[in-house]
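Colleague: Sending over a structure as structure tokens; questions will come in a sec.
The values are calculated or read from the model by the stated rules, or taken from the named source; none is laboratory data. Computed from a prediction, not measured in an experiment: that's the story for all the values here. Glycine gets a Cβ as well: all are built from the backbone with ideal geometry, and neighbour counts include every protein chain shown. Ligands, DNA and RNA are stripped out before the accessible areas are found, and what is left, the full protein with its side chains, is counted by its heavy atoms. Shrake-Rupley method; radii C 1.70, N 1.55, O 1.52, S 1.80 Å.
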Amino acid sequence: SHNLKNTNAAIEVYQELIKKYPESREAMMAQYQLAEIYRSLNKYQAAIKAYQEIIAYPERNWYSGDGCIDSFADAAQFHIGVVNYENLRDYKTAFLTFQKFIHDRPNSPRLAAAYVFIGLISEEQKNYQLAADSFEKAIDLVLNSNSVQASNLVNEVIFMDFGGSEPMTVLKRLRQKLEQINAD
């Protein structure tokens, strides 16, 4: 199909770029695009491998507001957790990935999102105490930041219906989730 031809062409262009400028920011961006393409093609192991390549690069950080520090490595490490959770349904690996993420990246703009994933997995495994703690941490992060944590939650935890990216809307949904768990 025409689409697949485009996809293969894109993959080639990105791979060429990575070869030519291996340590550059462009190469990291290309790896990231590759990972996303592989994920869209259901090639999850290839996606994870591309994300891992990014983490192996020297970090290139930028500030994303609210005192958050972002990087391709941050997004990549986070998305390894997401692929394990959403696509591979490997909750154990996802859980460990998000725990390591929280430990490694205390200033991540995706920190609240990581806590929500840990909350969801804990709830799944009937560890309601950890689930509640995790949702509370996510709530605190959204409360203490303007919008970076809230908008990343909406962008990253897509199967949770936040009904908009306004911090107040996100908080309302997180509090509902917390009440649900405490009722169990």
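Colleague: Quick one: accessible surface of Glu86, probe radius 1.4 Å, all protein chains present, in square angstrom to the nearest 10.
Modeller: Taking all protein chains as shown, Glu86 has close to 40 Å².
Colleague: Using a Förster distance of 30 angstrom, determine the FRET efficiency expected from the C-beta separation of Arg175 and Glu86, and round it to 0.05.
Modeller: 0.80
Colleague: Also: Can you give the net charge of the other residues whose Cβ lies under 15 Å from the Cβ of Pro106, counting K and R as +1 and D and E as -1?
Modeller: Net charge around Pro106: -2.
Colleague: On average, how much accessible surface per residue is there in the range 21-127, in Å², for a 1.4 Å probe, leaving out ligands, DNA and RNA?
Modeller: 46
Colleague: Starting from the Cα of Lys137, draw a straight line to each of the lysines and keep only those under 25 Å, dropping any in the same chain fewer than 8 residues away.
Modeller: Within reach: Lys92, Lys100, Lys126, Lys172, Lys177.
Colleague: On to the next question. Modelled label-to-label distance, Glu166 and Ile69, 7 Å Cα→beta-carbon offset: nm?
Modeller: My value for the distance between the label points is 3.4 nm.
Colleague: Dipole magnitude of the chain about its Cα centre, charges +1 at Lys/Arg Cβ and -1 at Asp/Glu Cβ only, in debye to the nearest 20? Kindly include the intermediate steps, with their values, before the conclusion.
Modeller: Values: 19 positive and 23 negative charges, 74 e Å.
Using Cβ point charges on Lys, Arg, Asp and Glu, the chain gives about 360 debye.
Colleague: With the chain treated as a Gaussian network of Cα nodes joined by springs under 10 Å, which of Ile69, Ile54, Ile80 yields the largest mean-square fluctuation?
Modeller: Ile69
Colleague: Only Cα pairs within less than 10 Å get springs; with that Gaussian network setup on the chain, which residue of Ser108, Ser24, Ser151 has the largest fluctuation?
Modeller: Judging by the Gaussian network model, the answer is Ser24.
Colleague: Here is a further query. Any idea how far apart Lys5 and Asn182 come out in nm if each label point goes 7 Å out from Cα toward Cβ?
Modeller: 5.9
Colleague: Let me ask something else about it. Ignoring ligands, DNA and RNA, what percent of the accessible area of the range 1-151 is carbon or sulfur (1.4 Å)? Provide the component values of the computation, followed by the final result.
Modeller: On the way: 3940 of 7760 Å².
Answer for the range 1-151: carbon and sulfur cover 51 percent of the accessible area.
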